[in-house]
Structure formats: C-alpha cells, structure tokens
Amino acid sequence: MNPQQLFRQSLDRCKKRADFLDLFYDHFMASSEQVREKFANTNFAAQKGHLIKSLTLAADVVDGDAAAMRHLHERAESHSRHEINVQPALYDLWLEALLSTVEECDEEFSDQIEAAWRSVLGHIIGYMQAHY
C-alpha cells in the first residue's frame, strides 16, 4: 500500500472521532504563542472546514490531481507573506500537532502510518513553504 492510501485510511479513521479537529487545535494552540496570536480572531467552525477539506485533498495532490493542485495553490497564496503571512517554521509545529492528534485518534497508528502522514504532508508543506 502506498503512503497516500495509508494516509487516506488513517484520516478516515480520525474523522470518525467527533473530537479530532478540536484535539488538533488544542495541540496546535499549545505549541506556540505565535500560533495562538495567528488564530486570535479565527472563526474555528470555518477553519475546521478548511482544514478537513485540505487534509482530504492532500493525498490527491501527491497523486497529481489537477483540482487538488489548484486548491493547494489557493491555500499557498492565501497563507503567503502577501496575505495571512504564515511563516514557514510554523508548518513544523502544525505537522507535529497533527501527528500527536493522529496518534490519539487513529487506533491503528504505527510507525508506518506516521511515515505516510509525514510523506503526504511533507509534500504539501514543502509547497506551502516554497510559495511563502
């Protein structure tokens, strides 16, 4: 099974947990004062919708899906220094908070699942950082 398939299966298991996104944002907010400042005026209901859509499309990006690539490009533009200014280093905090959450929420979490998440999201993060 390739990393994208493992990632999708793990994400599906995580999404079954009603508290998945809440747990993630708890971990992410706890990671840094800078993160808390970035999210000070955030509509979290909308933010959670954006995150789940982005995660759902992440493996499609790695597969080269054109619609998913357009979505990623839009996210990269909106997160660049010209708009909401998400500094590249914050993506490392984001990934570690997400992996902590996946470990809590995916009952099948393993080193292989972690590697799949790192592989898929590493591709996304690299793109976001390059377009900062």
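The values are calculated or read from the model by the stated rules, or taken from the named source; none is laboratory data. All of these numbers come straight from a predicted model, not from anything done at the bench. When we count neighbours, we look across all protein chains shown, and the Cβ atoms used for this are built from the backbone with ideal geometry, even at glycine. For accessibility, only protein heavy atoms count, side chains too; no ligands or nucleic acids. Shrake-Rupley method; radii C 1.70, N 1.55, O 1.52, S 1.80 Å.
Summary of computed values
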item: Cβ-defined net charge surrounding D111, 14 Å radius [Lys, Arg +1; Asp, Glu -1]; result: -3
item: DSSP-assigned coil residues among GluC sites (Glu not before Pro) in segment 36-100, each with at most 13 further Cβ atoms within 10 Å; result: E83
item: The chain - charge dipole about Cα centre, Lys and Arg +1 at Cβ, Asp and Glu -1, debye rounded to 20; result: 420 debye
item: Net charge of neighbours whose Cβ lies under 9 Å from the Cβ of Q4, counting Lys and Arg as +1 and Asp and Glu as -1; result: -1
item: Formal net charge of residues neighbouring V35 (Cβ-Cβ distance under 13 Å; K, R +1; D, E -1); result: -3
item: Longest exposed-site-free window of the chain, the sites being trypsin sites (Lys or Arg not before Pro) in a DSSP loop that have at most 15 other C-beta atoms within 10 Å; result: 18-80
item: Accessible area of the chain divided out per residue, in Å², using a probe of 1.4 angstrom; result: 53 Å²
item: Surface share of carbon and sulfur [accessible, 1.4 angstrom probe, percent] for segment 7-132; result: 50 percent
item: Estimated FRET transfer efficiency (T42, S119; beta-carbon r; R0 41 Å; 0.05); result: 0.90
item: Span from the segment 1-78 Cα centroid across to the segment 102-131 one, whole angstrom; result: 10 Å
item: Computed FRET value (nearest 0.05) for D19 with D63, which takes r as the C-beta separation and R₀ as 22 Å; result: 0.15
item: Relative contact order, percent, the chain [alpha-carbon distance under 8 Å, six or more residues apart]; result: 44 percent
